[in-house]
Amino acid sequence: MAFVENKWILAVLVMLCWALATSFMAGHYYFQYTDLSAKVKERIISANLGINYGNGSDIRWFNETKINAGSTLFDLTKLLSSVNYTGSLSGASINAIDSVPNSYPRWWVWWSHSSYGWTFGPVSCDRYIVGENETVLWYRQDISTYPPPQP
Amino acid sequence: MDNLTKLLRMNTVKIAIIVTFCALSIATNYALIGVSNVKVMDLIVFVGGFLFGAVIGSSIGMFSWLIYGAINPIGFHPQIWLATMLAETVYGLTGAVLRKALGSASLDGRRLRLSVLFATMGFLPTVLYDMATNVVYASVFQVPLVVAIFEGAPFTVLHEVANAAIFGVCSIPIITVLGKMVKGR
């Protein structure tokens, strides 16, 4: 009965049980993950999103964010920030991102970056499909002049 | 009483114990058929081994599976049936080994520590049991062993945790009561 008196032996036994259980579950989830990622391979893309609040604060960058191929800029933005928007026939109109609202003359607009430089977002964000490795910027920008200047 | 009579009587008692425990474990297994991997059978086999030794404990496990495995609503597969029959003996052996390790000490004191010890003794043999059955399952169904082990991990862990809880809570009261009954016989 001596080993029952030794609390460390009991502690080791309990820890051994715990280690075995967690190892089994870790292995299980690893297999689940590899299986799932093999199934959705090529369907997951990376994209970079920046948010410029236009209030002097730093631009927030979310680099190499994984999203499903076919996701819109609206999906990507909702994934990374809180979005207040109004839906209409012409698409979603952004009212505020991260509680920073539109306030004339500063309005939320978006830009896409390519080898040609920054391109002003031509359509509503929920009509724009984000591409592989694409960089997109939300900019709460002074739109008193149109088109507004490049970021 | 001559030696032959003594021997026959001893064997009759052993057989009666094995049969009673087998009946109990099979009945509880059928009763819990809807609760996957939570079974009282393992505890009964363990208690059998603890109180009556490795041979009786292992026999209870083997004979329980002999019947439960053959008349099983979930299905029957000869290799898996044999594997479970043999693997179930691990609980009887564990019970017997633990009895030896604890010596003749009473289970009345140190209840919490003993419960923890019994809980781990429910958990660890279950790991061996599940590994053994997974190996046979993998070989029968041509599944890679690693996949068989980890794909079924939630069921394995449920079995182990349930046994730890059942052994930890129920072992000492059952062993205490049955021990008194056996002594009083």
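FYI, it's all coordinate maths here, none of it is from the lab. Remember, it's a predicted structure, so these values are computed and weren't measured experimentally. Glycine gets a Cβ as well: all are built from the backbone with ideal geometry, and neighbour counts include every protein chain shown.
Points to keep in mind about this one:
- Label point at A:S114 placed 7 Å out along Cα→Cβ; residues across region A:61-91 whose backbone nitrogen lies under 16 Å: A:73
- FRET efficiency, B:V140 to B:T28 (Cβ-Cβ, R0 30 Å, nearest 0.05): 0.70
- Inter-site label distance for B:V38 and B:V177 at 7 Å from Cα along Cβ, in nm: 2.0
- Per-residue Cβ neighbour rank within 10 angstrom, fewest leading, A:H28, A:H113: A:H113, A:H28
- Residue of B:F150, B:F63, B:F118 that the Gaussian network model of chain B assigns the largest fluctuation, springs spanning Cα pairs under 10 Å: B:F150
- Extreme residue, positive dipole direction of chain B, given options B:A87, B:V19, B:V140 (C-beta unit charges): B:V19
- Remark: spin-label model distance B:I67-A:S103 equals 8.1 nm, labels positioned 7 Å along the Cα→Cβ axis.
- Order of A:D35, A:D126, A:D142, B:D130 under a 10 Å beta carbon neighbour criterion, fewest first: A:D35, A:D142, A:D126, B:D130
- Listed residues B:I56, A:M25, A:N6: farthest to the positive end of the dipole of the protein assembly as shown (Cβ charges): B:I56
- With both labels modelled 7 Å from their Cα along Cα-to-Cβ, the A:V12 to A:A96 distance reads 6.0 nm.
- Counting neighbouring Cβ atoms within 10 Å and putting the fewest first, the residues B:F141, A:F24 line up as B:F141, A:F24.
- Cα-based Lys proximity count in chain A, under 27 Å, for pairs eight or more positions apart or on separate chains: 5
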